[in-house]
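Report on the structure given below.
The values are calculated or read from the model by the stated rules, or taken from the named source; none is laboratory data. Bear in mind the structure is a predicted one, so any value in this text is a computation, not a measurement. All Cβ positions, glycine included, derive from the backbone under ideal geometry; neighbour counts span all protein chains shown. Each accessible area value is taken on the protein alone, full model and side chains, heavy atoms only, with ligands, DNA and RNA left out. Shrake-Rupley method; radii C 1.70, N 1.55, O 1.52, S 1.80 Å.
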Amino acid sequence: MLDLQRLRALHAVSVHGTVGAAAAALGYTPSAVSQQIAKLERETRTVLLERQGRGVRLTEQAEQLAATAQELLAIVERAETELEERRGLPAGRLTVAAFASAARGLLPGVLADLARRHPGLDTRLTEVDPHLSVDLVAKGAVDVAVAHDWDIAPLPAPPGVEQAVIGDDLCDLLVPAGHPFTGRESVRREDLGGERWICQPPGRVCHDWLVRTLRAAGCEPDIVHQADENPTLVALVAAGLGVALIPRLGRGPLPDGVVEVPLDPMPVRRLYALWRTGAARRPAIAETVRTLQSHWPSVSAHHTAHHTA
């Protein structure tokens, strides 16, 4: 008989693409995931992973088995949902995926609140890009995702995935001290031509929004520095190397040498919670979504206070 945990490990490798990423999502070590796959290979007498450069790829037989594993895991999820629904209390393991600034600025308080009020609930957080989180929910790799979109880049929710609004995160233009914009009450998007920009790499939501917005305003962005983490972007602005558009959530106090200047209109990204339709009745998911929404007003007010201080 096939072991469900080993099938879960194979499914995670299929979804996340690497053993290391699968291990991070499952809360295991890479060697533990590799051992699970090796045992599954012995049980099935089938080669499941093949070396490809420095990584691995699933064989055709492994892809078929991973698809079957997804079906089995969905059945198990339905059974767990029914049991939890009968008890009426959030319980069991719940995996949450969130983008970096939400993982830093929102999730710590939410997870601590859930742990305090529901000791039978075992929440596990993993940090992922919002581009990836929707697909992870749809494939059953995570239970709840916290993602975001921008006014010109809506968040797609595929069939079988539900979503609820958590709140709106405001964004500010950050410039080095002494920049000509520092003396202005606000800056229009049409005035941004000729600036040297610091932003996230292509393919990230913030990068794509910046490029689309400036082009729509008749400006071709000159992106001179790219980094994944907002603190790095802020440090580059502080060094006088360019300007950046940074959301307030998880940003923290600004260092000396960096000045906020409001854009007119002010950019806003909207945060969402996403989960699978089949698991919507699960008390753990309903309670997690409610807790995310209830924490947002105080989190948003805290970051606005940093902005006005």
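Observations on the model:
- The requirement of being closer than 25 Å to Val299 by Cβ, among the β-branched types (Val, Ile, Thr), open to solvent by less than 20 Å² (accessible area, probe 1.4 Å) and touching a Leu at 6+ places or on another chain (Cβ under 7 Å) is not satisfied by Val205.
- When the criteria are applied in full, Ala12 fails the requirement of being surrounded by fewer than 18 Cβ atoms within 10 Å (Cβ to Cβ), under 24 Å from the mean Cα position of the chain (by Cα), of a type outside the set (D, E, K, R) and modelled with pLDDT under 90.
- Looking across segment 238-272, the residues that are under 23 Å from Ala103 (Cα atoms), outside any strand (DSSP E or B) and either open to solvent by 30 Å² or more (accessible area, probe 1.4 Å) or modelled with pLDDT of 95 or more (or both) come down to Arg251, Pro253, Leu254, Pro255.
- Of all the listed residues (Val56, Val110, Val96), the sole one being in contact with an Asp or Glu (Cβ under 8 Å, 6 or more places away or on another chain), of a type in the set (A, V, I, L, M, F, W, C) and open to solvent by less than 10 Å² (accessible area, probe 1.4 Å) is Val96.
- Filter result for Leu73 (within 19 Å of Arg124 (Cβ to Cβ), in contact with a His (Cβ under 8 Å, 6 or more places away or on another chain), open to solvent by 30 Å² or more (accessible area, probe 1.4 Å) and at pLDDT below 85): no
- Strands (runs of 3 or more DSSP E) (entirely within segment 102-218) containing at least 1 residues that are under 15 Å from Ile285 (Cα atoms) and polar (S, T, N, Q): 121-127, 161-176
- Counted residues, segment 22-55 - those being out of contact with any helix residue (DSSP H, G or I) (no Cβ under 7 Å at 6 or more places or on another chain), in a loop (DSSP other than H, G, I, E, B) and in contact (Cβ under 8 Å) with a residue 24 or more places away in the chain: 1
- Residues in segment 273-293 that are out of contact with any strand residue (DSSP E or B) (no Cβ under 7 Å at 6 or more places or on another chain) and either at pLDDT below 95 or open to solvent by less than 30 Å² (accessible area, probe 1.4 Å) (or both): Gly278, Ala279, Arg281, Arg282, Pro283, Ala286, Glu287, Thr291.
- Residue selected from segment 144-163 under the condition touching a Lys or Arg at 6+ places or on another chain (Cβ under 8 Å), modelled with pLDDT of 80 or more and open to solvent by less than 30 Å² (accessible area, probe 1.4 Å), by the criterion farthest from Ile75 (Cα to Cα): Trp150
- Scanning segment 208-224 for residues that are open to solvent by less than 60 Å² (accessible area, probe 1.4 Å) and of a type outside the set (Ser, Thr, Tyr) turns up Asp208, Trp209, Leu210, Val211, Leu214, Ala217, Cys219, Pro221, Ile223, Val224.
- Verdict on Leu136 being under 29 Å from Ala12 (Cβ atoms), open to solvent by less than 20 Å² (accessible area, probe 1.4 Å) and more than 15 Å from the chain's Cα centre (by Cα): no
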